[in-house]
């Protein structure tokens, strides 16, 4: 049986569990806290989730993990067969993994009801009965660590808070439109795009009090889709998929281009300059002194590989259909410093790295 080391309100653990449930892959959950030394020894990191597969190997990072599990199957791939739709599935998954993370952490740790709920849930799942830290102190430390590291330390301050709020609203508004016309993002069956979006939508936006109430009232079709994805099984999934992006999907892709592709470009530029932090400007809003991420340079490299699988006519048609945005970051003639991560192509069984340095963006005073 597959072993998952994660947390029951974890972003990426929820994404992977959704996939395992869909594929009917038996698994058992273990807490990350208390096992950090063991996880670092086997994978190089202590992050959520880390997985031990049935042959005893250890792995982490949900994107290559899902790709590896899919490579073991002969039936009904979650990767679209049409090249443009396959690229868009990868793009949407990366947006869900790397852009929606910021507003998801903001909603969870900036709002009082949400941080109280989350800190209590994490303590109960990870630390209760095993930690020597008193409950009241453990919960207080969790709130401070998560808010100062993943909210303030990731550029969400007074001047950017409204945009962090609104980028979630933009996501569910686009998805509401999509799910009013079809059950899944790219058609009649789940694809990588759906599993990627379950990271933020299941355990954060669909579960934390403030964004969950917003989702129920503003985007009920998205709320319904979360439950549908959690209950979906591969053996009853339809075979229907879009063969080309419709106007609703193109609108969503334009939002992704303006946010996530812009973030990837600015991060790659900062990495190439060798700067530890940079000011990220998205849709006219400045996120001050966000941490530069080597891992996200690698994400851009992986997206470029998918983009370059398209013929030039398909690339040109997609850019023209979306209009504007940041698709130029995908062009191979624009050079950035290489991440030099996983050059052997061993992921998810490689020595992994965190998105941010040692795991949590540094939140000491001069970074604030």
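Values quoted throughout were computed directly from the atomic coordinates according to the rules given, and no laboratory measurement underlies them. In this text, all values refer to a predicted model and were calculated from it rather than measured experimentally. When we count neighbours, we look across all protein chains shown, and the Cβ atoms used for this are built from the backbone with ideal geometry, even at glycine.
Please give the calculated 222 nm ellipticity per residue for the chain, where each DSSP H segment of at least 4 residues contributes -39500 (n - 2.57) and the sum is spread over every residue; nearest 500 deg cm²/dmol?
Helix-only estimate at 222 nm: -15500 deg cm²/dmol.
Taking 8 Å as the Cα distance limit and 6 or more residues as the minimum spacing, I'd like the relative contact order of the range 20-137 as a percentage.
18
Any idea how far apart residue 30 and residue 338 come out in nm if each label point goes 7 Å out from Cα toward Cβ?
About 3.5 nm separates the two model spin labels.
Quick one: which of 239-247, 281-289 comes out on top by average Cβ neighbours within 10 Å, and what's the full order, highest first?
281-289, 239-247
Between 310, 202, 137, find the one with the highest GNM mean-square fluctuation for the chain; connect C-alpha pairs within less than 10 Å.
The residue that fluctuates most here is 137.
If we count other beta carbons within 10 Å of each Cβ, what is the order of 298, 225, fewest first?
So the residues, fewest neighbours to most, are 298, 225.
Note the full-extension length gain between residue 227 and residue 275 as 0.36 nm times their separation in residues minus their Cα-Cα distance, in nm to one decimal.
Additional length available on full extension: 13.1 nm.
Test of understanding: in a Gaussian network model of the chain with alpha carbons linked when under 10 Å, which of 251, 56, 187 would top the mean-square fluctuation ranking?
Result for the chain, Cα springs under 10 Å: 56 fluctuates most.
Quick one: 354, 204, fewest Cβ neighbours within 10 Å first, how do they rank?
The order, fewest Cβ neighbours first, is 354, 204.
Calculate, for residue 314 and residue 40, the FRET efficiency according to 1/(1 + (r/R0)^6) with r their C-beta to C-beta distance and R0 56 Å; round to the nearest 0.05.
0.85
Normalised by the number of residues in the range 189-304, what is the relative contact order in percent for Cα pairs under 8 Å and 6+ residues apart?
Once divided by the residue count of the range 189-304, the mean separation gives 17 percent.
Between the range 110-165 and the range 56-107, how far is it from one alpha carbon centroid to the other, in angstrom?
27
For the chain, what is the relative contact order in percent, using Cα pairs closer than 8 Å and at least 6 residues apart in sequence?
24
Could you point to the label whose value was computed as log10 I(q)/I(0) by the Debye sum over Cα atoms at q = 0.07, 0.09 Å⁻¹ for the structure here, given (1) -0.28, -0.48; (2) -0.59, -0.75; (3) -0.54, -0.68?
Working out log10 I(q)/I(0) by the Debye sum over Cα atoms at q = 0.07, 0.09 Å⁻¹ from the coordinates points to (1).
Determine, from the Cβ-Cβ distance of residue 131 and residue 3 and an R0 of 22 Å, the FRET efficiency 1/(1 + (r/R0)^6), rounded to the nearest 0.05.
Once rounded, the FRET efficiency stands at 0.55.
Place a label point 7 angstrom from the Cα of residue 285 along the Cα-to-Cβ direction, then list the residues of the range 164-191 whose backbone nitrogen is under 11 Å away.
164-171
Using the number of other C-beta atoms within 10 angstrom as an exposure proxy, rank 258, 340 with the fewest first.
Lowest count first: 340, 258.
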